[in-house]
Amino acid sequence: MATFYAGTAFYRIEISGIKSDKLKSYMTQEPKLLNYQFYFDRIRLNSAHQLTATEEKLLGTLNATLQSPNDIFDTLNDIDLNFGTLKDENGDEIELTMGNASQFIQSQNRDIRKKAVDMIAHAHISVSHTMAKLYNTHVHSQNTITALRGYHSARSQQLAQNNIPEALYDVLISKTHEHINTVYRYYDLRKKVLGVEQLHHYDLSVSLTGKDFLPTTYEEGKKLALEALQPLGEDYVNQVKEALNNRWIDVAENVGKSSGGFEIGIATVHPYILLNWTNKLYSTNILVHEMGHAIHSVRSNQTQPVQYSEAATFNAEIASTLNEILLQNYLIKKYQNDRDAQIYLRTKSIATFLGTFVTQVKFAEFEQLTYQTEQNGQALSLTVLNQMATQLEHQFNGEQIVDDFPDDSYAVHFASVPHFYYNFYVYQYATSYAVASAIANKILSGDKQVLDHYHLFLASGGVDYPVNLIKSVGVDMVSGEYLDSAFANFEDDVNTLERLFSTK
């Protein structure tokens, strides 16, 4: 790939250097070039930041080296890092992994979930100096490229690639701080329901019903997915069936396998999905999430030429998150007369919002601070990173959650997040969640026009700038109204939980 990047670096410079009138005349002479008009526009969008052919070739050659902090992090985090073993609720000794951690962190036994959180935290803290050095190296290399290309910041460089206004990033953070008191309210409620004097990080995932709900095998998860995605129409559901029935999915956890869930689209075959299944409802959420990516890939590949077949990450997470929201709404409706189920599902809805939205905003603010700090000449030592993380933890958690880590060491909050190596990626989870929530609300209300526009969106790939494609589904991201709407849904969940716990 490094050889490929180096060998093809010249053509962007050549295209950027063509005068607009000359390019239009080329397309008049050869109409087939019109299929590449937006492709050319994207290249020329940031032509002022193109380097010389020699410099571009040099950066292309160094691409593998510049990516090495990410590769080293993945090797350390997925293969070499060992969390040890602990006993589950049945007394069985189990090896703790990032893949099965959720089943321990959600345990009704407080000692088990405390031990699991401590073991994961201390494993990352034990290599935190290495993790800090890796992250500092990565940020420094990105800031260096930013300076070479003449951007004022690494954030501006990343957002400019898709013509995304930087104000969108700032509004996301400011709006979250505006509404943060609702997060505090939920933590106060959780503390009261659990009957604990102090709320710790290991108390945030345990079910408030006192028991697990809807343990789900893979076969049961597939059935739930097909039922929950019915609002998207028969054609969509049939494509999901094709994926489930034709081995698109690697289901089980395995040694050396990356944790979490992933999807990659292969235009000439079909998408592939990686899961690490545990018999928890959480795994069904991951299944429908990654399936959203897969169907997005299929439809874009079927509809668009190769140059437009891949959607921008900014849009890709909408397709996956919307599926999770549909699953959540389906289950809430299905178990509407079951108080314990409602408590469980509302809690899970809140957990999704906190994890997909609020936590990602926190990470986005952390990432922004780290890049600014390094750009200003301050190395990102472990001490500096911990100071930033500690400050943000207090802002996002208030006084409601007790610090669990020694010496204010919040290394675990950055040392275990691979997405920090993807360059201003995490904020997109939050914006995508808010957009998906707005679209899902309209689809569930029976808005046929929005559903039709959403199907067109799934088939659009990267045929236009991300913000424009989202606007075509009826969501204006330049204003912050879609964020207020997402927080309104969150507050409704909190209000519902408060009512459910005030009545028996």
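For semi-axes √(5λ) of the Cα gyration tensor in Å, which listed value, [x] 44, 23, 19; [y] 43, 29, 19; [z] 38, 29, 22, comes from the coordinates shown?
[z]
Run the numbers for LYS133 and THR8: contour at 0.36 nm per residue of separation, minus the present Cα-Cα distance, in nm.
Details: separation 125, 0.36 × 125 = 45.00 nm, distance 3.18 nm.
Answer, rounded to one decimal: 41.8 nm.
From the residues VAL384, LEU345, ASN397, which one has its Cα farthest along the dipole of segment 313-427 in the positive direction, the dipole being from +1 and -1 charges on Cβ of Lys/Arg and Asp/Glu about the Cα centre?
Of the candidates, LEU345 comes out farthest on the positive side.
Could you compute the net charge surrounding LEU226? Neighbours are other residues with a C-beta less than 12 Å from the C-beta of LEU226; K and R count +1, D and E count -1. Don't skip to the answer; put the middle values down first.
Working: positive: LYS222, LYS223, LYS241; negative: GLU219, GLU220, GLU227, GLU234, GLU242.
Every neighbour counted, the sum reads -2.
Would segment 233-361 count as rounded, prolate or oblate if I go by the C-alpha gyration tensor, calling it rounded below 1.5 in a/c and otherwise prolate when a/b exceeds b/c, oblate otherwise?
Values: a/c = 1.72, a/b = 1.58, b/c = 1.08.
Note, shape of segment 233-361 comes out prolate.
I need the shape label for segment 52-186. Rule: rounded when a/c is under 1.5, else prolate if a/b > b/c, else oblate, with a, b, c from the alpha carbon gyration tensor. List each step's numbers first, then the result.
Values: a/c = 3.53, a/b = 1.57, b/c = 2.24.
Oblate is the answer for segment 52-186, as a/c is 1.5 or above yet b/c matches or exceeds a/b.
Dipole size in debye (nearest 20) for segment 174-305 around its Cα centre, Lys and Arg Cβ +1, Asp and Glu Cβ -1?
So the dipole magnitude of segment 174-305 works out to roughly 240 debye.
Rounded to the nearest 10 degrees, what's the angle between the helix 166-178 long axis and the longest principal axis of the chain, both from Cα atoms, 0 to 90?
10 degrees
Mind checking which of GLN103, TYR26, TYR135 is farthest towards the positive end of segment 13-137's charge dipole, using Cβ charges of +1 (Lys, Arg) and -1 (Asp, Glu) about the Cα centre?
Of the listed residues, the answer is TYR26.
Grab the DSSP H runs of the chain that are 4 residues or longer, score each as -39,500 (n - 2.57), total them, divide by all residues and round the 222 nm result to the nearest 500 deg cm²/dmol.
Working: 24 runs with 312 residues, N = 504.
Helices in the chain give a 222 nm mean residue ellipticity of -19500 deg cm²/dmol.
Relative to the longest principal Cα axis of the chain, at what angle does helix 481-502 sit, 0 to 90 degrees, rounded to 10?
Here the helix axis deviates by roughly 10 degrees.
Quick one: net charge around GLU30, please, counting Lys, Arg +1 and Asp, Glu -1 for every other residue with C-beta under 15 Å from its C-beta.
Working: positive: LYS22, LYS24, LYS32; negative: none.
Result for the local shell: +3.
Averaging over every viewing direction, what projected area does the convex hull of the Cα atoms of segment 139-221 cover, in nm²?
Details: hull surface 41.7 nm².
Projected over every direction and averaged, the Cα hull of segment 139-221 covers 10.4 nm².
Let me know the shape class of segment 368-504, please: from the alpha-carbon gyration tensor, a ≥ b ≥ c as square roots of the eigenvalues, rounded when a/c is under 1.5, otherwise prolate if a/b is greater than b/c, or oblate.
Numbers: a/c = 3.11, a/b = 1.38, b/c = 2.25.
Because a/c hits 1.5 or more and a/b fails to exceed b/c, segment 368-504 counts as oblate.
Give the accessible area for ASP80 in Å² (nearest 10); use a 1.4 Å probe, count only protein heavy atoms, and leave out ligands, DNA and RNA.
Here the accessible area works out near 110 Å².
Stick to the Cα atoms of segment 32-130, pair each with every other, and give me the Kirkwood hydrodynamic radius in Å at one decimal. Can you show the working numbers first?
Numbers: mean 1/r = 0.0558 Å⁻¹.
The answer is 17.9 Å.
Report the local net charge at ALA294: Lys and Arg +1, Asp and Glu -1, summed over other residues whose C-beta lies under 11 Å from its C-beta. Kindly include the intermediate steps, with their values, before the conclusion.
Working: positive: ARG299; negative: GLU242, GLU263, GLU290.
Residues close to ALA294 contribute a combined charge of -2.
Give, rounded to the nearest 20 debye, the magnitude of the charge dipole that the chain has about its Cα centre when Lys and Arg contribute +1 at Cβ and Asp and Glu contribute -1 at Cβ.
Charge dipole, the chain, about its Cα centre: 880 debye, nearest 20.
Given a Förster distance of 30 angstrom, what is the FRET efficiency for ALA48 paired with ALA459, based on the Cβ-Cβ distance and rounded to 0.05? Please report the intermediate quantities before stating the final value.
Numbers: r = 33 Å, r/R0 = 1.09.
Step by step, r from the Cβ atoms, then E = 0.40.
What ³J(HN,Hα) values, in whole Hz, does the Karplus curve 6.51 cos²θ - 1.76 cosθ + 1.60 give for segment 323-330 when θ = phi - 60°, with x put for Gly and Pro?
Values per residue, Gly and Pro as x: 4, 4, 5, 5, 4, 4, 5, 4 Hz.
Please give the charge dipole size of segment 269-393, origin at the Cα centre, charges +1 on K and R Cβ atoms and -1 on D and E Cβ atoms. Round to the nearest 20 debye.
Details: 8 positive and 10 negative charges, 115 e Å.
Using Cβ point charges on Lys, Arg, Asp and Glu, segment 269-393 gives about 560 debye.
Would you mind getting me the FRET efficiency between THR144 and ARG247? Use the beta-carbon distance for r and R0 = 45 Å, nearest 0.05.
Numbers: r = 44 Å, r/R0 = 0.97.
Step by step, r from the Cβ atoms, then E = 0.55.
If r is the Cβ-Cβ distance from GLN161 to THR503 and R0 is 51 Å, what FRET efficiency results, to the nearest 0.05? Before the final figure, lay out each step's value.
Details: r = 52 Å, r/R0 = 1.01.
FRET efficiency, GLN161 to THR503: 0.50.
Which angle from 0 to 90°, rounded to the nearest 10, does the C-alpha axis of helix 359-375 make with the longest principal axis of the chain?
Roughly 50 degrees between the two axes.
May I ask you to evaluate 6.51 cos²θ - 1.76 cosθ + 1.60, the Karplus curve with θ = phi - 60°, for each residue of segment 245-260 and list the ³J(HN,Hα) values in order in whole Hz, giving x for glycine and proline?
Rounded to whole hertz, the list is 9, 10, 6, 7, 10, 8, 8, 7, 5, 8, 5, x, 7, 4, 6, x.
Using a 1.4 angstrom probe on the protein heavy atoms only, could you order VAL127, VAL361 from most to least accessible area? Display every interim value, and only then the final one.
Details: VAL127 30, VAL361 0 Å².
Output order, biggest surface exposure first: VAL127, VAL361.
Could you list, bin by bin from short to long, the percent of Cα-Cα pairs of segment 164-305 in 10 Å steps?
10, 27, 26, 28, 9, 1
Could you tell me what percent of the accessible area of segment 359-398 is made up of carbon and sulfur, with a 1.4 Å probe and every protein chain present?
Numbers: 690 of 1500 Å².
For segment 359-398, the apolar C and S fraction of the accessible surface comes to 46 percent.
Return the distance in nm (one decimal) between the two label points of a simple spin-label model at ASP41 and ILE94, each offset 7 Å from Cα along Cα→Cβ.
5.1 nm
Given the C-alpha centroids of segment 426-504 and segment 203-279, what is the distance between them in whole angstrom?
A separation of 22 Å, based on Cα centres.
The values are calculated or read from the model by the stated rules, or taken from the named source; none is laboratory data. Just so it is clear, the model here is predicted, and its values are computed rather than measured. Cβ atoms come from the backbone with ideal geometry, glycine included; neighbour counts cover every protein chain shown. Just so you know, the surface numbers come from the protein's heavy atoms only, side chains and all, with ligands and any DNA or RNA stripped out. Shrake-Rupley method; radii C 1.70, N 1.55, O 1.52, S 1.80 Å.
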